[in-house]
1. The chain: longest stretch without exposed GluC sites (Glu not before Pro) (DSSP loop, at most 12 other Cβ within 10 Å), sites themselves excluded?
2. Could you grab the relative contact order for region 73-151? Cα pairs under 8 Å, six or more apart, rounded to a whole percent.
3. Quick one: of the DSSP bridges fully inside the chain, what percent are antiparallel, nearest 5?
4. If you line up the Cα atoms of region 28-177 on their principal axes, what length do they span on each, largest first, in Å?
5. Looking at the chain as a GNM with Cα springs under 10 Å, which of 268, 95, 115 has the largest mean-square fluctuation?
6. Which value at 222 nm does the chain reach when only helices count, each DSSP H run of 4 or more adding -39,500 (n - 2.57), with the total divided by all residues and rounded to the nearest 500 deg cm²/dmol?
7. Work the Kirkwood hydrodynamic radius out for the chain: mean of 1/r over every pair of different alpha-carbon atoms, inverted, in Å.
8. Might you report the magnitude of the Cβ-based charge dipole of region 83-183 about its Cα centre, with Lys and Arg at +1 and Asp and Glu at -1, to the nearest 20 debye?
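Each value in this text was obtained by applying a stated rule to the coordinates, not by laboratory testing. Since this is a predicted model, take the numbers as computed values, not measurements. Heads up, the Cβs are rebuilt from the backbone with ideal geometry, glycines too, and the neighbour counts pull from every protein chain shown.
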Amino acid sequence: MESNLVTDISYYDFDLPEELIAQTPEKKRDHSRLLVLNKDDHTIEHHHFYDIIDYLHEGDVLVRNNSKVIPARLLGTKEETNAHVEVLLLKDLGSDVWECLCGNAKVIKIGTIISFGDGSLKAECLEVKDEGIRLMKLIYKGILFEILDKLGKMPLPPYIHKQCEDNSRYQTVYAKVEGSAAAPTAGFHFTEELFEKIKEKGVIVVDVTLHIGLGTFRPVKVENIKEHNMHSEVYEISQEAADILNKAKEEERRIISIGTTSTRTLESCMQKYGKFVATRESTSIFIYPGYEFKAIDCLITNFHLPKSTLIMLVSAFAGHDFIMKAYQEAIDKKYHFFSFGDSMFIYGNKR
């Protein structure tokens with residue numbers, strides 16, 4: 001019975017009133033609400049995010065994903081017919097070839113050229129893949145990210161109905177390495193001032209990088225989640241980060257992950273190598289109940305969509321029934337959900 005429970009997609013569904021889907025970010029990042037879960041004792045507490053510091057200890061290692069969202073949503077026209085096409089840049093494959101998710105994809109064949117804005121950026125289709133995916137060769141002069149800053153829009157999730165007035169609010173304050181098609185939103189709640197206080201307490205802050213791509217936009221459509229195909233994403237861990245993390249493991253200090261992307265990075269590395277190593281590679285790790293966590297001890301995360309791989313990950317970490325109970329309490333207490341919503345801190349009794 002238990003194995004069916006964790007693999008049936010219906011067990012990761014829940015009813016969410018539409019008014020609880022946050023459309024704009026909190027005015028002050030660290031003033032969002034914080035649901036604190038002890039996954040061992042099954043206790044639930046209600047706080048604000050700035051209270052997170054009370055749950056962090058000297059010697060803890062706090063791991064954050066420093067990937068930066070690029071303005072990857074481009075509105076263009078097909079050169080031959082002037083048909084309108086929307087292109088979302090998902091993954092840089094090198095040599096100016098990108099994996100893209102295309103709206104009105106049926107008009108984009110091999111050899112089709114899309115022109116954006118004033119024509120300072122064009123894209124030629126090299127390969128047609130399934131579900132609206134195309135491999136596109138970008139054609140431009142100058143620096144791509146400068147052109148995207150002028151022509152592109154932030155690729156906000158479909159449940160957010162208007163563009164941000166300030167694009168920096170769809171970035172973490174520590175975003176550094178350009179390449180994501182979506183933000184690591186669990187980090188939205190941190191401020192520079194909060195990080196200073198955290199470091200003063202003796203907590204070590206470590207950066208890793210995972211560029212968020214198609215998986216974020218792709219719903220789980222199969223009834224048995226084991227049949228879901230996770231797309232790969234590129235992650236990177238530096239030698240310095242690996243050394244800090246390995247020492248923390250040896251000394252049995254807590255490793256606290258900010259977000260599911262940092263979690264996937266750390267768990268991918270630990271699962272493959274049995275320790276943290278300096279590496280840059282792809283991962284398609286899919287974490288759902290039954291997975292044994294090898295890297296992290298605590299998790300800071302937002303509230304996730306029903307039937308998503310992300311709610312499966314947090315269910316694997318804290319237990320399916322406990323997470324569903326916590327989500328229902330968050331709904332009852334009118335927490336805000338998804339990218340611009342409130343936050344959770346999940347920890348156990350390890351000190």
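1. Working: sites that count: 58, 80, 131, 165, 223, 251, 252, 292.
The segment 293-351 is the longest one with no such site.
2. Numbers: 160 pairs, mean separation 20.4, N = 79.
So the answer I get is 26 percent.
3. Details: 49 of 69 bridges.
Bridges in the chain that DSSP calls antiparallel: roughly 70 percent.
4. Taking the Cα atoms of region 28-177, the three principal extents are 61, 31, 29 Å.
5. 95
6. Details: 7 runs with 73 residues, N = 351.
Here the helix-only value at 222 nm equals -6000 deg cm²/dmol.
7. Values: mean 1/r = 0.0474 Å⁻¹.
It works out to 21.1 Å.
8. Details: 13 positive and 14 negative charges, 28 e Å.
About 140 debye.
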